[in-house]
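I have placed the structure first, in the form of structure tokens, so that the comments after it can refer back to it.
Just so it is clear, none of the values below were taken in a lab; they were calculated from the coordinates. Note that this is a predicted model, so its numbers are computed, not measured. As a convention, Cβ positions derive from the backbone with ideal geometry for all residues, glycine included, and neighbour counts pool all protein chains shown.
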Amino acid sequence: MAPEQAVDDREVYSLLDDEYARQILVETYEDTRSAAALSEACDASEATVYRRLDRLRDQNLVEGVQRIDPGGGHREVYAARLSHVSVDLTAEGFDLDVDYADETAADRLTRLYEELSG
């Protein structure tokens, strides 16, 4: 797996304090979700969901992947990359450590497809 990008500690703290961002992470933890599905689950406008998704993607906490619909169209679905966050108090301040899921959104889609086909 490629090394993960550095995160902005303040932005991660801010995202984890945001109700919509937390709900998006929970909703995309096990299965991929479209922005429309996230909008419904979060009881938020799609614009609000897309703003949070942009911020979450900037910190590599969520990733998107194109899913091809049976009718030939495609849409982007999202999956949480976040697996674990720890915050430690040190003499210099707070130290944030983010762990990422081993399974990517593409891996999840493949697994779900295989489960449905199986």
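Net charge dipole, the chain: roughly 500 debye, given to the nearest 20, about the Cα centre with Cβ charges of +1 for Lys and Arg and -1 for Asp and Glu.
For the chain, the longest principal axis of the alpha carbon atoms and the long axis of helix 105-117 meet at an angle near 40°.
Fewest neighbouring Cβ atoms within 10 Å first, the residues SER34, SER117 line up as SER117, SER34. Between the helical axis of 46-58 and the longest alpha-carbon principal axis of the chain there is an angle of about 60 degrees. Length gained on full extension, ALA6 to ARG57, computed as 0.36 nm times the residue gap minus the Cα-Cα distance: 17.1 nm.
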